[in-house]
Amino acid sequence: MMVCVLHTWETEMDYLLQQLLNGVTIGAVYASLGLALVLIYRTTNIANFAQGEMATFSAFLTWQLTQWGVPIVLSILIVIVISAIIGAVVYAILVRPVQYKDEMTIIIVTLGLFLAFNSTTGAIWGYMQKTSPTPFPDVVWMMGNVRVSAELVSFILVLVAISFGLFLLFQKTRLGNALRAAASNAQSAQLVGIPYTKMMILGWGMAAGLGAVSGALVSSRLSLDPNMMADVIIYGFASAVIGGMSSYVGVVVGGLIVGVSKSMTIAFLPALGADLQIMVPLVLIVAVLIVKPEGLFGKTVAARV
Amino acid sequence: MKVLDVKNLEAGYGRIKVLHGISLSVDEGAVSVLLGANGAGKTTTLRAISGLVKSKGNILLDGKEMSGMRADVIARSGVAHAAEGRGTFTDLTVEENLRVGAFRRTDKKEIALDMEQMYELFPRLLERRHQKAGNLSGGEQQMLAVGRALMLRPRVLLLDEPSLGLAPVIVNGLFATLSRINKELGTTMLIVEQNANLALEIATYAYVLESGKISLEGPAQEIAAHDGVRAAYLGD
């Protein structure tokens, strides 16, 4: 479909700004899942490929609760808690036995989890799309000719609150220090008295709870279906890798970069079409990793003997 | 009074048995040293005591049985273990390493005082307090490992080869500090060392471990004067 664009400088600028804001909104979605990925990576050193599917499952749980008449905000809060418990149980039963195996084994297990959560969601709720209620007000403000939605503002507030909360938890509290220590060196953590397995269970639980938030954001933007996270997880990983995999600020910045670059691609390189858009974050990842292998906000540690 | 009392300790890895029933103890405020060649089972002894390796036998801390408990429970009971290869938290800063060392404690004021004391004992750590532990030199990492272990306010401090890989000058300084820690803080220690000369100087009692068995034990001065020990471990 051809889009008719009036070629005056002002409308061009408005269009650019609008695409920028759209990009920020989807970037916030990617960052929300990216935060969960970073959280689990920082606490357990595992890249959890099932994070997106777990979030989808959470989004369907929320939908189910609202169908039963529970108000949407309350549903989301309940599901965050349920998801955290599911995440903890999944770690304790399925991931813990292979925690000390090689990375390939862990990757296979999380891919298995991906399929398990995806098909469980489909089996319970079916593959028909569902419209999900949104917790955010349906308000749009006009700034000149640019539309700023309450959804966008809410996304950003949620994201800032989560990353600030995580920053405080990990940098300023005794528990956060213990979580970081457990991820840094499992054996030494036990030698200072940190209950290692509990920390891992906590990490998976918190990440799954965060995933539920991400699921709520995605389903409020799009319609619910079991595969709705398929590309979000890829863009989420892209955000995390660009940000440096271990930085909460980094993944938010990474998410915004990926989101904006994606919306700009849609706007200015329509020839790529819907299928080839995904190349953009991949090219970005490669570019960032070539220039700064540790990611934009990652830290290099020189190990000396 | 015995702080640590180990009886008939047997341990190994899979089918390979390393320790064949060893007994040793450390008195309150004393320093015991465990000498032995490579592969004699020194490190395994410490790992068994701190719960990193499964073992049979009795491990009594202040008379309480620790055998069979999880490593983190043993640590919270008061056994600090500065492991071989140091095992600092490389992506935490020096200060965070020390703070995490005090994980089992909740006395915030005392923890802050102890941190100051660590910086006084190891001034190099003060200079580097905001650097990641992974960026420290080998000697600094060893200081940090000892400092972190002390932050636990241990009933007994297990030190595995504190001199390993360090320049002689740094080793001398480290042992002087260890001796000071023992005298001023009264910290009970069990030290595993290849550098027998230095270890025997600060120790009160010594054990010689050979192929997983204690072959000789006695007051440190007597062991230092023992002909066989002099030939085997003191380079005479």
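Just so you know, all these numbers are worked out from the coordinates, no wet-lab data involved. This is a predicted model, so every value here is computed, not measured. Quick reminder, even Gly has a Cβ in these numbers, built from the backbone with ideal geometry, and neighbours come from all protein chains shown.
Annotations
- Taking θ as phi - 60° and the Karplus parameters 6.51, -1.76 and 1.60, the scalar couplings of region A:79-86 work out to 5, 4, 5, 4, 4, 4, 5, 4 Hz in sequence order, x denoting glycine and proline.
- Using a simple spin-label model with pseudo-atoms 7 Å out from Cα toward Cβ, residue B:213 and residue B:60 lie 2.4 nm apart.
- Shown for A:114, A:60: other C-beta atoms within 10 Å of each C-beta, ranked fewest to most, produce the order A:114, A:60.
- Relative to the dominant Cα principal axis of chain A, helix A:196-221 is inclined by about 10°.
- Footprinting exposure proxy for A:225, B:62 (fewest neighbouring C-beta atoms within 10 Å first): B:62, A:225
- Of the residues A:98, B:229, the one with the fewest other Cβ atoms within 10 Å heads the list, and the complete ranking is A:98, B:229.
- Taking one quarter of the surface of the C-alpha convex hull of region A:202-305 gives a mean projected area of 8.7 nm².
- Top positive-direction residue, dipole computed over chain B with Cβ charges, set B:49, B:170, B:182: B:49
- Entry note, chain A: relative contact order of 34 percent, from Cα contacts under 8 Å with a spacing of 6+ residues.
- C-alpha center-to-center spacing [region A:40-104, region A:178-255] in angstrom: 10
- Working from Cα pairs under 8 Å separated by at least six residues, relative contact order for region A:103-198 is 10 percent.
- CD proxy at 222 nm, helix term only [per DSSP H run n ≥ 4: -39500 (n - 2.57); per residue of chain A; nearest 500]: -23500 deg cm²/dmol
- Relative contact order (%) - criterion: Cα under 8 Å, at least six apart; region: region A:132-180: 20
- Residue-averaged 222 nm ellipticity for chain B, from DSSP H runs of 4+ at -39500 (n - 2.57), nearest 500: -10500 deg cm²/dmol
- Global form of region B:82-216, assessed from the alpha-carbon gyration tensor, a/c cut-off 1.5: prolate
- For residue B:179 and residue A:96, a Förster radius of 45 Å and the Cβ-Cβ distance give a FRET efficiency of 0.55, rounded to the nearest 0.05.
- Built amide H within the under 5 Å cut-off of residue B:27, gap 5+: B:3
- Each residue of region A:226-235 was assigned a 3J(HN,Hα) from its phi angle through the Karplus expression (A = 6.51, B = -1.76, C = 1.60, θ = phi - 60°), giving x, 9, 5, 8, 3, 8, 4, 5, 5, 5 Hz with x at Gly and Pro.
- About its Cα centre, region B:1-47 has a charge dipole of approximately 280 debye under the convention of +1 per Lys or Arg Cβ and -1 per Asp or Glu Cβ, with nothing else charged.
- Gyration tensor (alpha-carbon) shape descriptor, region A:14-93, a/c threshold 1.5: oblate
- Estimated inter-spin distance, residue A:115 and residue A:164, nm [label 7 Å along Cα→Cβ]: 4.4
- Cα gyration tensor shape for the protein assembly as shown, rounded if a/c is under 1.5, else prolate or oblate: prolate
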